[in-house]
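To start, the structure itself, in structure tokens.
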Amino acid sequence: MSVTAQAVKELREKSGAGMLDCKNALVETNGNISEAMDLLRKKGMATADKKAGRTAAEGLIAIATASDNKSAAAIELNSETDFVAKNAEFQAAAENIANIALAKSDGNIENVKPAECNTQKIPVSEIVTNLVAKIGENIQLRRTVKLSSPNGVVTTYLHNKATDNTGKIGVLVALEGADEAKLQEVGKQIAMHIAAAKPEALTRAEVPNENLDKEREIFTAQAKAEGKPDNIIEKMVEGRINKYYGEIVLPEQVFVIDGKAKVQDFLKANGDIKITGFELFILGDGIEKKQEDFAAEVAAVAKG
């Protein structure tokens, strides 16, 4: 049947669902707004869009590992409050999505969202939408990643665990160069180091030039402020750049577990093991959280 634009607009305002979803619901219910609203709620679409603008910086990092330990995936599922992250259904959804991300060939989020869950027979995007409808908060699948090591293993680490497979910080490390038992032993320690030291790159070549230029500019200004001559400044700046590399490049960092040797020395001492890749997910990293002024909010309510 034909559905009027006014009816779609009205349903959109009541439900918060997308325009196309509203139109389809009205068509399916022969234009009955009340029945269309119920249909949207059953499908988990009502109110989901309305909540999408709220800041979601809490939630969980979930990790799934292949049975042969040669690949693993991590996902970040965000919620508005930490209370929701303790919800068993939310935790189960995070673990489920991590398993789906592992099953995808590359773990790309745009491939994960439409992927169908084996147990529920619905796509990941719908799993998230249904959580919004049930829990009543903005819930977002923020990012996904998959790491593989065909000639070695991928080890994982979760910090501040909520369940065996979820936590607040998640690390994946791909290694090769020794037997599996040794790689697992060394990989666990490296993964814990990464969670603590938060490296930004695996090699110097991966450090963006703009970051180096910024550091050089700052170091040069500092040296000039100290009154150093130009020929000395150049050497000082290069020395400080090397120190900067040591702070952010994983193999050049001081290994936090012993606080003495560099990571690359620790790897060499254990059979010249090589790290081929790593991923670090910190919950809410980079999300600007809204600062609530509860005193002002209460005062405003009191004033009517």
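Read the figures in this text as sums done on the coordinates, not as results from a lab. Not measured: the values here are computed from a predicted model. Reconstructed Cβ throughout: ideal geometry from the backbone, glycine too, with neighbour counts over all protein chains shown.
In degrees, nearest 10, range 0 to 90: what is the angle between the Cα axis of helix 88-103 and the longest Cα principal axis of the chain?
Orientation of helix 88-103: about 60 degrees from the principal axis.
Would you calculate the separation in nanometres between label points at Ala196 and Ala66, each defined as 7 Å from the Cα along the Cα-to-beta-carbon direction?
Going by the 7 Å Cα→Cβ label model, 3.0 nm.
Within 10 Å of each residue's Cβ, count the other Cβ atoms and sort Lys268, Lys274 from fewest upward.
Details: Lys268 14, Lys274 18.
The order, fewest Cβ neighbours first, is Lys268, Lys274.
At 0.36 nm per residue, and after removing the present C-alpha to C-alpha distance, how many nm does the segment from Glu180 to Asn32 gain when stretched out fully? Could you put the intermediate results ahead of the total?
Values: separation 148, 0.36 × 148 = 53.28 nm, distance 6.18 nm.
Stretched fully, the Glu180-Asn32 segment lengthens by 47.1 nm.
If you average the sequence gap of Cα pairs under 8 Å that are 6 or more apart and divide by the length of the chain, what percent do you get for the contact order? Provide the component values of the computation, followed by the final result.
On the way: 535 pairs, mean separation 50.4, N = 304.
Value for the chain: 17 percent.
Expressed as an acute angle from 0 to 90° and rounded to the nearest 10, what is the orientation of the C-alpha long axis of helix 180-197 relative to the principal long axis of the chain?
That helix lies at roughly 80 degrees to the long axis.
Report the one residue of Val8, His193, Ile273 whose Cα lies farthest in the direction of the positive end of the charge dipole of the chain (charges on C-beta: Lys and Arg +1, Asp and Glu -1; origin at the Cα centre).
The one lying farthest along the dipole's positive direction is Val8.
Taking 0.36 nm per residue of sequence separation and subtracting the Cα-Cα distance, how much length would be gained by fully extending the chain between Glu206 and Glu10, in nm to one decimal? The partial results should precede the final answer.
Details: separation 196, 0.36 × 196 = 70.56 nm, distance 5.14 nm.
Between Glu206 and Glu10, full extension yields an extra 65.4 nm.
For a quick check: sort Arg204, Arg240 by the number of other beta carbons within 10 angstrom, fewest at the front.
Details: Arg204 14, Arg240 17.
Least to most surrounded, the residues fall as Arg204, Arg240.
Would you tally the net charge around Asp106, using a Cβ to Cβ cut-off of less than 14 Å, leaving Asp106 out, and scoring K and R as +1, D and E as -1? Could the numbers behind the result be given before it?
On the way: positive: Lys104, Lys113, Arg143, Lys146; negative: Glu110, Glu279.
Once positives and negatives cancel, what remains is +2.
In sequence order, what are the phi-derived ³J(HN,Hα) couplings for the range 67-78 according to the Karplus relation 6.51 cos²θ - 1.76 cosθ + 1.60 with θ = phi - 60°, rounded to whole Hz, with x for glycine and proline?
Per-residue couplings from phi come out as 4, 8, 6, 9, 8, 7, 10, 10, 9, 10, 10, 9 Hz.
Pulled fully out, how much extra length does the chain show between Ile287 and Lys228, if you take 0.36 nm times their separation in residues and subtract their Cα-Cα distance? Show your work: numbers first, answer last.
Details: separation 59, 0.36 × 59 = 21.24 nm, distance 4.00 nm.
Gain on extension, Ile287 to Lys228, equals 17.2 nm.
For the Cα atoms of the chain, what angle does the longest principal axis make with the long axis of helix 230-248, in degrees from 0 to 90, nearest 10?
The helix 230-248 is inclined about 50 degrees to the chain.
Alpha carbons only, please: Rg and Dmax for the range 208-247, in angstrom.
So, for the range 208-247, Rg and Dmax equal 9.9, 29 Å respectively.
Only Lys, Arg, Asp and Glu count, each charged at its Cβ (+1, +1, -1, -1), so figure out the dipole size of the chain about its Cα centre, rounded to 20 debye.
So the dipole magnitude of the chain works out to roughly 380 debye.
Answer with one residue from Phe90, Gly170, Ile61: the one whose Cα lies farthest towards the positive end of the charge dipole of the chain, charges on Cβ with Lys, Arg +1 and Asp, Glu -1.
The residue sitting most towards the positive pole is Phe90.
If R₀ is 22 angstrom, what is the calculated FRET efficiency for the pair Lys268 and Asn242, using the beta carbon separation as r and rounding to 0.05?
Details: r = 20 Å, r/R0 = 0.89.
Result of the calculation: an efficiency of 0.65.
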